[in-house]
Amino acid sequence: MDPTLTQRTDDELVLLFKSGSGDAFEELVYRYKNSLYQYIMSMVQDEGAAGDLFQEVFIALFKHADKYEPRGKFKSWLFLTARNRVLNFFRDRDQLTSLDQTDEEGNAFLHDTLPDGAPSLLEGLAGRETEEEIRRAALELPQRQREMIYLRQYLSFKEIAELLNRPLGTVLADCHRAIKKMQRILAAQQGAGREVNI
Amino acid sequence: MKDCEKVMLYASNELDGTEKAAFEKHLQACAACRAELALLRRTEEALAAPAAPASVVDELFAKTTRRKSFFAGWKPALAGTALLGLGLVMVLAGLQPDKTAFDASEVIAYMSENLDEEYLNFSNDLALFEQEF
């Protein structure tokens, strides 16, 4: 593979692929394979399905690259395609449960309800939870919140708002609720752990 | 947007210089924002993307850039079959009599001979028929 391909932008690689470079296509795959696979896996929770959907996304690019307009938003295009595949997957399995549902928890935005100066539960937790506990907590989130937490790993909030076609404020609020929910899950896990230790 | 509402954008480095400086000042005074930011950072680390399975990626390449043409594997076999067929045709052509070079007089004589015989049989039959009736 041409070593200079790694220096190319996504759009340049798509253009090169359109002109017949298979290496450019493979560089795009190598560039996004981990984040895309993790996003899909976090949504479907099934290794076999995640592998199939992951391949479908890149095969869609392989077949329809000519329809891609190079406007510097390849990553958003890729994740949007993946999200649509995930939605179809749930539709096929009659599991379109909560991806686009409104969150049932109408929490006030951020920590308005905390008394001034009181140490929050979050504050008590930070640093004590293990990475495995955090991963488990993320997987316990409702799907809409989980999606937010994972998308945040790869996209800016502005990109997420554009991808999901939601106002930026809504996206920020969703992410905040997700973090608060994780905080409660982690607190419950650690509480249970302490009870076991006692 | 309230200061506390900017914690997510701050974590994602999406605030401009002035907003960022203002939020950092707020952060010094807000324990809740510091705690939330800490959990966000820990979550980023914990959810760092693991590698996609190599088998999935290999399979993808096998279906796209490294896919073999349908006929690629069959080329030697198809070429062999074509040669065999051509040879067979040539051999058979060599063994077959040349149908265009027949002797027309032989055919006419054979047909006439048969015709005469059939005609005689028919005449005999007719004579017997007339005798009976």
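Derivation of every value follows stated rules applied to the coordinates shown; laboratory data play no part. All values derive from a computational prediction rather than experimental measurement. Here Cβ is always computed from backbone atoms with ideal geometry, including for glycine, and neighbour counts include all displayed protein chains.
When segment A:147-167 is limited to residues that are assigned to a helix (DSSP H, G or I) and in contact with a Ser or Thr (Cβ under 6 Å, 6 or more places away or on another chain), the one that is nearest to B:Leu40 (Cα to Cα) turns out to be A:Tyr150. For segment A:13-26, the tally of residues that are surrounded by fewer than 21 Cβ atoms within 10 Å (Cβ to Cβ) and either within 14 Å of A:Lys75 (Cβ to Cβ) or hydrophobic (A, V, I, L, M, F, W, C) (or both) stands at 2. Inside segment A:140-153, can you point out the residues that are facing chain B (nearest Cβ under 10 Å) and surrounded by fewer than 19 Cβ atoms within 10 Å (Cβ to Cβ)? Once the filter is applied, which keeps residues that are facing chain B (nearest Cβ under 10 Å) and surrounded by fewer than 19 Cβ atoms within 10 Å (Cβ to Cβ), segment A:140-153 yields only A:Gln153.
Within segment A:7-54, if we keep just the residues that are without any contact (Cβ under 8 Å) to a residue 24 or more places away in the chain and among the hydroxyl-bearing types (Ser, Thr, Tyr), the residue that is farthest from the other protein chains (Cβ to nearest Cβ) turns out to be A:Ser19. Where helices (runs of 4 or more DSSP H) fall wholly inside segment B:1-90, the ranges with 1 or more residues that are more than 7 Å from every other protein chain (Cβ to nearest Cβ), touching a Leu at 6+ places or on another chain (Cβ under 7 Å) and not acidic (Asp, Glu) are B:7-11, B:17-29, B:31-46. The set of residues in segment A:55-81 that are touching a helix residue (DSSP H, G or I) at 6+ places or on another chain (Cβ under 9 Å) and within 12 Å of chain B (Cβ to nearest Cβ) comprises A:Gln55, A:Glu56, A:Val57, A:Phe58, A:Ile59, A:Ala60, A:Leu61, A:Phe62, A:Ala65.
A:Arg71 meets each of the listed conditions (1) in contact (Cβ under 8 Å) with a residue 60 or more places away in the chain; (2) within 17 Å of the chain's Cα centre (by Cα) apart from (2).
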